[in-house]
1. Evaluate the relative contact order of the chain (contact order divided by residue number), counting alpha-carbon pairs under 8 angstrom at least 6 apart; express in whole percent.
2. Find which of LEU176, ASN82, LEU245 sits farthest along the positive direction of the dipole of the chain, computed with +1 on the beta-carbon of Lys and Arg, -1 on that of Asp and Glu, about the Cα centre.
3. Taking only protein heavy atoms and a 1.4 Å probe, what accessible area per residue, in Å², does the chain have with all protein chains in place?
4. List the GluC sites (Glu not before Pro) within the range 90-152 that fall in a DSSP loop (any state other than H, G, I, E or B) and whose Cβ has at most 11 other Cβ atoms within 10 Å.
5. Using a cut-off of 16 Å between alpha-carbon atoms, which lysines can reach LYS61, once sequence neighbours fewer than 8 places away in the same chain are excluded?
6. Can you pull the percent of the range 110-249's accessible area that's carbon plus sulfur, 1.4 Å probe, other chains left in place?
7. In debye to the nearest 20, how big a dipole does the chain give about its Cα centre with +1 on each Lys and Arg Cβ and -1 on each Asp and Glu Cβ?
8. Taking a 1.4 Å probe, which of ILE81, ILE156 shows the most accessible area, and what order do the others take after it?
Amino acid sequence: MTDQETAKAVVRINDLHKSFGKLEVLKGVDLEVDRGEVVVILGPSGSGKSTLLRCVNLLEKPTKGTIWFEDTEITDPKVNINKIREHIGMVFQSFNLFPHLTAKNNIMLAQRKVLKRPKQEAERIAIEQLERVGLGDRTEYLPAQLSGGQQQRVAIARALAMDPHVMLFDEVTSALDPELVRGVLDVMRELAASGMTMMVVTHEMGFAREVADRVVFMDQGVIVEEGTPEDIFDNPSSPRTKDFLGHIS
């Protein structure tokens, strides 16, 4: 790999294995995500998609293999993973908002505690990010006063406020009522259009087809195939991919 190629890749995953006891969830995954690229990961439940995403910021520690984030091998035990995580935004299926804090204060907290930003700056950024996700009029609302979709957008705004170099989305719409999904996907579309590097695990096929630069299909802990949305959705080469898409389309 040339220095130029290395500089282009934000995330590089080499021969990644992850086991939970005797259960091998990831069985040798190789994947690169370039700066500004949107990679959507599809696959049935239990295929290893979420585990792969959680390994990228070491929420799950790989059993074997290496992961590079920009120019740092984060699987090196000597690495300060907390410093690395400052540049990796992650949004989960559950919103994980503090119920006693307003939307604005939920977004300010990590900025103050982790990035040591002054209160005024953290507040300004929190308001900016809430406006970005369409919640500029909800800054003083508590989570219980917001819909599920709005809470998820606050969670996205919280991640964006940390100035991430890559955003990881793990099934962020799967817990939402159908009518609330669109608002969250619209925010993700805007992020993709702005050039944000994104890894997205989702079952939203329309979103994947529209927004992804590359679609990765996983099954039983391995990448079965990957390609452009047109490759995967219109002309999949693997019978397993065809079968999966046939059941969900």
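The values are calculated or read from the model by the stated rules, or taken from the named source; none is laboratory data. Worth saying up front: this structure is predicted, and the values here are computed from it rather than measured. Note that each Cβ is placed from the backbone with ideal geometry, even for glycine, and that neighbours are counted across all protein chains shown. Note: accessible area is taken over every heavy atom of the protein model, side chains too, but ligands, DNA and RNA are not part of it. Shrake-Rupley method; radii C 1.70, N 1.55, O 1.52, S 1.80 Å.
1. Over the chain, the number comes to 26 percent.
2. In the chain, that residue is ASN82.
3. 48
4. Here the sparse-neighbourhood loop sites are GLU140.
5. Qualifying lysines at Cα under 16 Å: LYS18, LYS22, LYS27, LYS49, LYS78.
6. 47
7. 1100
8. ILE81, ILE156
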